[in-house]
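What follows is one structure encoded as structure tokens, with my remarks underneath.
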Amino acid sequence: MFVHGGCHGAWCWSDWQSWFAARGRGSIALDWLSHGSSRRIDEGDWLERPITAVAEDIETAVEVAVAAYGAEPIVVGHSMGGLASLAYASTTARTLAALALLTPVVPRAFAGAPIDIEVDMTQPWGPPPPDVARQMFYSGADDIAAERYFSLLQPESPAAVWQATRWTAEVDVTQVRAPAVVVAAKNDLLVPAESVRALGRALGAHEIVLANAGHGVCIDPGWESLAAEIEAWLVEATR
């Protein structure tokens, strides 16, 4: 089960889905409500919808996945989707086979300094201008890829952006029962690598630290090597 981050959609996992399918793993990549091809909710409700509420979307998608594949789900979340996946894993009554958090937004207990991004809580946020979006979301992309990615971005709930930049989420990580892996990126401008590593230690998670990567690890060059490292961990963790 692949969970995208803010301003993104299920599209950012298409290469991962093909890669894992070639290795015998079926998958579903969800679009959060009011993202991509998912149902639109009332705009007022959407403006006030935090990242942690996406745990409800994950449960809906997991129910479909379990019916389709008949196996305990592996939940993989990136950025805001990582926080949503963590919130889901801490509250679900389901048994999860594994949890993978890629440069995840972290709960308050593991946060660094607030990110000083202007957020108008009455208006959708972003997407930011192309050069800023590239620096934030896919700093390793070439010009052609960056142009394509920008065309796929969409505005985000200001409540979600506030939660991600002011680190306001409260998640009881002691309730996460699944084996976990966290991915930190040394050049991440949005989520400090040390914050991700602190979260990983609290989860007792396997840790992957990428020395030359930015925040966009699911679409930047090098994603295949990361997928292979996660797959190797999954084989061991789910024996």
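The values are calculated or read from the model by the stated rules, or taken from the named source; none is laboratory data. Bear in mind that the values here come from a model prediction, so they are computed numbers and not experimental data. No Cβ is skipped: glycine too gets one built from the backbone with ideal geometry, and neighbour counts run over all protein chains shown. The area values use the complete protein model at the heavy-atom level, side chains included, leaving out ligands, DNA and RNA. Shrake-Rupley method; radii C 1.70, N 1.55, O 1.52, S 1.80 Å.
Rolling a 1.4 angstrom probe over the range 67-224 with all protein chains present gives an accessible area of which 52% lies on carbon and sulfur atoms. With a Förster radius of 41 Å applied to the beta-carbon distance between R23 and T168, the computed FRET efficiency rounds to 0.60. Packing, as the average of other Cβ atoms within 10 Å across residues, places the peptides 148-154, 191-197, 67-73 in the order 191-197, 148-154, 67-73, highest first.
For an R0 of 41 angstrom, estimate the FRET efficiency from the Cβ-Cβ distance between T60 and V132 and round to the nearest 0.05.
Efficiency at R0 = 41 Å is approximately 0.80.
Under a model in which nothing but the beta-carbon of Lys, Arg (+1) and Asp, Glu (-1) is charged, the range 118-239 shows a dipole of about 360 debye around its Cα centre. Which is farthest toward the positive dipole end of the range 14-140 among A100, M136, L47, measuring Cα position about the Cα centre, with Cβ charges +1 (Lys, Arg) and -1 (Asp, Glu)? Toward the positive end, the furthest listed residue is A100. Placing +1 on the Cβ of every Lys and Arg and -1 on the Cβ of every Asp and Glu, with no other charges, gives the chain a dipole of roughly 620 debye about its Cα centre. Projected label points at E231 and N187, each 7 Å from Cα along the beta carbon direction, are separated by 2.5 nanometres.
Take the Cα of A109, go 7 Å toward its beta carbon, and the backbone nitrogen atoms of the range 164-178 under 15 Å from that spot belong to 168-178.
What accessible area per residue, rounded to a whole number of Å², is obtained for the range 192-234 using a probe radius of 1.4 Å?
41
When the charge dipole of the chain is built from unit charges on Cβ atoms (+1 for Lys and Arg, -1 for Asp and Glu) and taken about the Cα centre, the candidate among L234, G112, V76 whose Cα reaches farthest toward its positive end is L234.
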